[in-house]
Amino acid sequence: MATLFEGFTLCGLVQTQSASDSAIQGIELDGDSDHAVVTDSTRAVTLYKVSDQKPLGSWTVKQGQLLTCPAVFNFQTNEYVVVSDNKVIRVWKEEDLHLDKAFKATVSADVWRVHSAPGGEPVVLFQRGAVRLLDSLLSAPQQPIEDILSEEEKEVIRWSTNIVAEKQHFVLFTTEQKGEHFLYVQRLNPNTLQKYRLEREDSRAPPLSFSASLRDKHINLLYLYPNGCVYQSVVAVQGPVGLEGVQALPRSLRLRLPVGEGELGAASAVALDEAHVAVVGMPHPSARTGKDFLCIWNTNFQTLQADKEMVGRICGQVWCYLGKLFVPHGKALSVIPYECQKSSLASALGKLRHPGIAVSKSSVAIPSWNTLLHGDQPQGPTKIVDSRKSKLRRKSQSAPALTVDQVLELIKTGPVEEVRREVEALVSRGDAQDLQLSVGRLACQLVARSQVETAFYAPGALARLVKTQCLCHSMCPDLLLLALEHKDYFLCQLCLQLFPDIPEVVTCACLKTFIGVPDDDVEMVSLEPDSVSFMEGLVAAGARGGQQNGFSPALFEEDSCDPHHQPKPPQHQDKKNPTLQLEVCPVGLRKAVLLNEVLQTPYSDNLLVPHLKDLNAPQVILFLQYLQFIYLKYSQDVYTQTPVLRSPTMTQIIDWVCLLLDAHFTVLVMAPDAKGLLSNLQSFVKSQVKLFSELGKIEGSLQELHKMKPSKDISQYSIEVIELF
Amino acid sequence: MGEFKVHRVRFFDYMPTAIRAMAFNAHTERLALGRMDGSVEIFNFADHYFQEKVIPGKDSRSIEALCWVGGRLFSAGLNGEITEYDLENLRPKYSLEAYGGPIWTITSNSQGAHLAIGCEDGTVKLFEVLEESIQFERNLDRQKGRIISLSWHPSGTQIAAGMMDMIRVFDAVSMLTTVLLVDRGFGGSKSRETVVWSVVFLSDCTIISGDSAGKVQVWDGHTGTLVKTHLVTKWDVLALSVSKDESSVVVGTSEGTVIQFQFIAPTLQQQQDKEWVRTRTFKNHTHDVRALAEIETAIVSGGMDTQLVVRPLLEKFDERSHASALRKIQFPHRNLVFCAKKAGLLLFQFPGQLELWRLGESDGHGKPGDSLPLKRKPEKLLHLKRKGEDHICCSALSSCGGWLAYSTMSSVRLYRLQTDNNDISITKVPKLPKILRSAHQLCFSSDSSKLFAASSQSSVLVIALSQSECKYVHTLKPKSGSRQPIHLMTNSVDGKWLATANSDCEIHVYNVQKLKLHCIVPVYGSCPSAMGIHPTTNNLTMVHADQQIFEYSIVEKQYTDWSRKLQKQGLHNLWLDRDTPVTHVTFNPKNPEQILLHDMHMFCIIDQSLPLPDQKTQFYNQMTLRSLSEQERPSHLHAFKICKTFQDLLSVSLLDDQSLVMVERPLLAITSQLPAPVRQKKFAT
């Protein structure tokens, strides 16, 4: 995880005339880790103590003169170095008050930058590409400076930096020439120069920013293009010496940032560590465009780790020193401390789930398990599958049965029965890990073929795959709908039982189908025997009217239901009573079994209610009647104790009643044939309320009992009366 | 049956003192228990753990360890003295200065010929046990640092001594010493010395030690090497006791746990390779377990929480029975409360003082279960501190409330009390007869004209009291010649009879008018724990430690018909299963059929006119009877009417106005006065 902490303003900025120019030329480190040397775009160099946000010293050149390169600190001599008017090198110490009185030297060519880094001597990079150590240059300021870059071909330096690594000193600079971009790596002592050509981006746009860092004896160059791509190139420190000519610099895409509409204007990316990149001047993926953010991205997982809105105009500059990011924006230079922890998949995913930062909606390429498994992408990920496949192949070489790939091929063309047989064989011998992968692929393949070829439907094979319990709805989203389409209710039941992740809309679709299906259609369907026998027991219990342990339902109903609305008053135990509608299950047995499965699927209320509205009034009434039926059965306490693996609980039934009433209340109130039903349901509610209030009373009484004992406080002395018999 | 007005008294702040030491004499099955206040109690484990004798403490005496040599009991303490007790006269026989500073431990060898003591100055002193005394023999090599614990090798040639940070083994033959170093605790306690609180030396030369770092360590005494360390507690391991067959060792810790180690083979296959394995943990104490004894069938433990716990080892019992039940002895098996029935006064006996209280009054009437409004609150009339450093061993209050007497080991004091309305005046009776030196029991005749004092060899001194003087009258002597002390004494209301019971279980009845022995009640095998003479029939009712009840007609010198009937039919099992002895028997003068008894957990009225319960009868039937109608009730009645409303009873008596006085001392109140136990991390605290 990466964190951006609360930042603070180091100093205010003077607005420059042109919109594109920044008010700051550069920020460099001092010998003190808490110091920052800020060079503005015109004449002043200011030394700040960062933690105090306070200037320690400020030096300016005369009116008319111009600083042309950011001031740097010479770590070897503790002096500051700056270049004014391209040719004048000025060197001063912190005690010096006036820059004019400091040491000056005029060199013979225009200087591009002076670079300095701890552990190395400052180097001077000239505009025409030559590099000199500062010391040797100052000893003979007027020495001739060669041209590396030819003036005629208009090759100009765009960016430069220096890197000190293991006594090796590098100066890196990039140039632009006729739309082509080059990287020069100048190695000092011995001096060698290597030139690389950067791959051209499709848009031909120049890179917006560069950032170089040293890691594992390699120089990593990170560069950002206006289309949001962040590439990384790696140059070895012990690079190929003496390679003549221009090398092509290989690059790899580290990050594709969401840019919103259009391209990035002024933006900059800087590598924080091997996994984190700070990007400034880009829109937030979930915010409106036009707002500029400072974001930290994890390049390993392509996730946004931290973000902060930057108020005011950003000119695409960011510096990163010692755990702090320096970002000029608007009228201020902000310092924002940050922290990057070792990234882990869990933390990366955790942030992704956060609403609002839905990275997946942006153009960031996130490997999807689906594509990974089913080989939609011809690149990298398939390799994994390939290796797995080959492993599987190796494993199953001795077996005469077909491999996953072969079965997949077979599914594309083979007849239903053969497919079923092969799938059976494959599933029964596969080991758990590979099974997960292959089952998903097989199921998707089967579903895909069925969707294309209406005549093809392999219920046996699909049921076998579902029964492995390796499948879930999101792995093969079309499976359940396909089963519904083909009226394969057994498969539907299996899916409802075994899939943990059925979306509410699909649940509702199932419900709707199940209610709507004519009883005759279902009665011959073979369903899971456990659930059928449960339902048979429930219905038979009602028919018997039998009670156990001398329990009288009359008592219960008298207690719990409003007698005026009781369609079957308990006094009438007569079986021939025509008002016995509650004793009869309103739906067929198999249908009831299927509805029970729906009752037991997990759901969340908010998501389910809108889809429930799709049911029409007769369907709702029928379903409610069914719910009422099993509620009453349960209330009779006959079958709740039966040890059945899956049976809807009382709470599930009540919850569904509530959901249906929520979704269709107005419709039901208006429907004349729902009147009796509603009043019955109301009596259920009353009975539940009464039950709970009774329970509450019992609780109260028990508490009182509990209190009674210690409350008998016995004092030191009392006179009591006892009676013995 | 009827209603009773009950004075429920909870203002007796009886506080037992912590148990410090324990020694079990397997031969006589007597357990000697030493408490912090220097008192010694003798429990007869063969007779239902009855507290047979109590030797009162003394301010200057402290007991660190107890030790039996044959039937003789020795103690040693931090006052630097070795004391032998006279168990017949319940007093120290002699004390001997050991000249080694405070003594931490005393132990005898198995031959009973020598005593070894461990002193603060680092010496182990050997004493030879002589016929009538002990004699210093020699010092073992003096060590630097105190000797905390000692254990003889059964052969008597070696002694292991637990010290600070080490155990030393002295060889009496070769005069060599071996040093076993005990390492210290971990963490913060690293800098603190480890005290080897307890050590046992087994016959196979294994030494087992328990120390203040919470370790139980097993050493090989031959080689002086550590065999095994069991870390059993974060606190101290204070006490160790080994069973007679050396197959089991129990340790007591500061956490109040008792942990058993057994010498067993860890696997079934290799029965030969036995080792000491931690087996069971018992938690019956809340505080330090300072004293432990593993006896044949049980583990006996005691400590700071003042109770004596007998935890039977269930594998030694074939079936669950009365004997296999956990037993806790919290209250003394004798009376500390005396009631003046006529005057409505209560006398509370503490080791250091006596308190005299007047009960409150209420003129209200109420339904059963009601508390009546108090017209007058109870009042503490007197707080009498004892003189001298000997603790009070017995006291008595005359039933008219006019006389008060107490005895310590060295003297008897008699006081005349006069109460006019609210004022009370106390006068010490100056000249007591010289013969009246000390008493094991005291009691006044019911007309307050005589004082009976139980003296040595079961004799009773009769002192005549009058306003002007008190005069020695006679010494009543038993014919049996028993040397045991009298622990119970009661006289009849008509002043004619006096009954005494001694630790030999003998009950003598004297005719006080003729001043001679009247008869001896046939000796029963269990010690009487309470007895009383009926005010009208002069029948002597006796309850024994084994819960048996006898009624003996003094006039006819034979058991009464009721008693024979009771013995023939047998007492109800639930009665016999009670684990605390009856400590008081009294009668209802208005209803001669009623005998009132109580133990710690119940109060019982026996109605001799009612049928005796047989084994099938519901024994505790008060609740049932209450629910029955008036007509149904008689068919369900039986003689034992038991009331358990009052718990932790120290005394029950019936005043002349027919109201009962129940003196309760809730155990919770005792526990709340104990010091805080060692802190233990409990889940979710």
Query raised in the report: Which of the following residues is away from chain A (no Cβ under 14 Å) and out of contact with any Leu (no Cβ under 8 Å at 6 or more places or on another chain): B:ALA405, B:ALA325?
Result: B:ALA325
**Report entry** Number of the condition not met by B:ASP305 [criteria: (1) over 21 Å from B:ASN491 (Cβ atoms); (2) in contact (Cβ under 8 Å) with a residue 12 or more places away in the chain; (3) within 14 Å of chain A (Cβ to nearest Cβ)]
**Finding:** (3)
Query raised in the report: Which pairs have Cβ atoms under 6 Å, sit 6 or more apart or on different chains, and link a residue in segment A:254-273 that is without any contact (Cβ under 8 Å) to a residue 40 or more places away in the chain to one that is surrounded by fewer than 17 Cβ atoms within 10 Å (Cβ to Cβ) and part of a strand (DSSP E or B)?
Result: none
Query raised in the report: B:ILE463 versus (1) in a loop (DSSP other than H, G, I, E, B); (2) in contact with a Cys (Cβ under 6 Å, 6 or more places away or on another chain): which is the lone unmet condition?
Result: (1)
Requested in this report: Mind listing just one residue for me: the one in segment B:514-524 that is without any contact (Cβ under 8 Å) to a residue 40 or more places away in the chain and exposed (fewer than 14 other Cβ atoms within 10 Å of the Cβ) and, of those, farthest from B:TYR49 (Cα to Cα)?
Outcome: B:LYS514
Query raised in the report: Of the residues B:SER39, B:SER75, B:SER62, which single one is of a type in the set (Ser, Thr, Tyr), away from chain A (no Cβ under 14 Å) and more than 24 Å from B:LYS387 (Cα to Cα)?
Result: B:SER75
Query raised in the report: Identify, please: which residue in segment A:691-724 is within 14 Å of another protein chain (Cβ to nearest Cβ), over 30 Å from B:ARG633 (Cβ atoms) and surrounded by 10 or more Cβ atoms within 10 Å (Cβ to Cβ) and is, among those, modelled with the highest pLDDT?
Result: A:TYR717
Query raised in the report: Residues in segment B:267-275: is at least one more than 31 Å from the chain's Cα centre (by Cα) and in contact (Cβ under 8 Å) with a residue 24 or more places away in the chain?
Result: yes
Query - Filter result for the condition that a residue is touching a Gly at 6+ places or on another chain (Cβ under 6 Å) and in a strand (DSSP E or B), over A:VAL164, A:VAL124, A:VAL171, A:VAL185 - result: A:VAL164
**Report entry** In segment B:384-428, the residues that are more than 18 Å from B:PHE338 (Cα to Cα), of a type in the set (A, V, I, L, M) and surrounded by fewer than 16 Cβ atoms within 10 Å (Cβ to Cβ)
**Finding:** none
Report summary line: Only one of (1) within 14 Å of chain A (Cβ to nearest Cβ); (2) over 25 Å from B:CYS443 (Cα atoms) does not apply to B:ASN421, and that is (1)
Requested in this report: Starting from segment B:276-292, take each residue that is crowded, with 16+ Cβ neighbours inside 10 Å and modelled with pLDDT under 90 and list its partners that are in a loop (DSSP other than H, G, I, E, B) and of a type in the set (S, T, N, Q), counting only C-beta distances under 7 angstrom and pairs at least six apart or across chains.
Outcome: none
Requested in this report: Can you work out which of the residues in segment B:4-29 that are of a type in the set (D, E, K, R) and in a loop (DSSP other than H, G, I, E, B) is nearest to the other protein chains (Cβ to nearest Cβ)?
Outcome: B:ARG10
Query raised in the report: Among the residues of segment A:650-671, is any closer than 26 Å to A:GLY537 by Cβ and more than 45 Å from the chain's Cα centre (by Cα)?
Result: no
Query - Flag if B:THR500 is on the phi < 0 side of the Ramachandran plot, touching a strand residue (DSSP E or B) at 6+ places or on another chain (Cβ under 7 Å) and at pLDDT 90 or above - result: yes
Report task. Looking for whichever is out of contact with any helix residue (DSSP H, G or I) (no Cβ under 8 Å at 6 or more places or on another chain) and either surrounded by fewer than 23 Cβ atoms within 10 Å (Cβ to Cβ) or more than 17 Å from B:LYS516 (Cβ to Cβ) (or both) here; the options are B:LYS477, B:LYS496. Which one fits? Result -> B:LYS496
Query raised in the report: What residue, of B:GLU315, B:GLU319, is over 30 Å from B:GLY57 (Cα atoms), more than 14 Å from chain A (Cβ to nearest Cβ), without any contact (Cβ under 8 Å) to a residue 24 or more places away in the chain and not in a loop (DSSP other than H, G, I, E, B)?
Result: B:GLU315
Query raised in the report: Given the structure, is A:THR39 buried (at least 18 other Cβ atoms within 10 Å of the Cβ), in a strand (DSSP E or B) and hydroxyl-bearing (Ser, Thr, Tyr)?
Result: yes
Report task. Go through segment B:242-256 and give me each residue that's surrounded by fewer than 24 Cβ atoms within 10 Å (Cβ to Cβ) and assigned to a strand (DSSP E or B). Result -> B:VAL242, B:SER248
Report summary line: Inside segment B:432-464, the number of residues satisfying the requirement of being among the β-branched types (Val, Ile, Thr) and on the phi > 0 side of the Ramachandran plot is 0
Report task. Go through segment B:341-370 and give me each residue that's acidic (Asp, Glu), facing chain A (nearest Cβ under 9 Å) and either part of a loop (DSSP other than H, G, I, E, B) or under 30 Å from B:SER407 (Cα atoms) (or both). Result -> B:ASP370
Report summary line: Filtering segment A:208-253 down to residues that are of a type in the set (Lys, Arg) and modelled with pLDDT of 85 or more yields A:ARG251
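The values are calculated or read from the model by the stated rules, or taken from the named source; none is laboratory data. All values derive from a computational prediction rather than experimental measurement. Note that we place each Cβ from the backbone using ideal geometry, even for glycine, and neighbour counts take in every protein chain shown.
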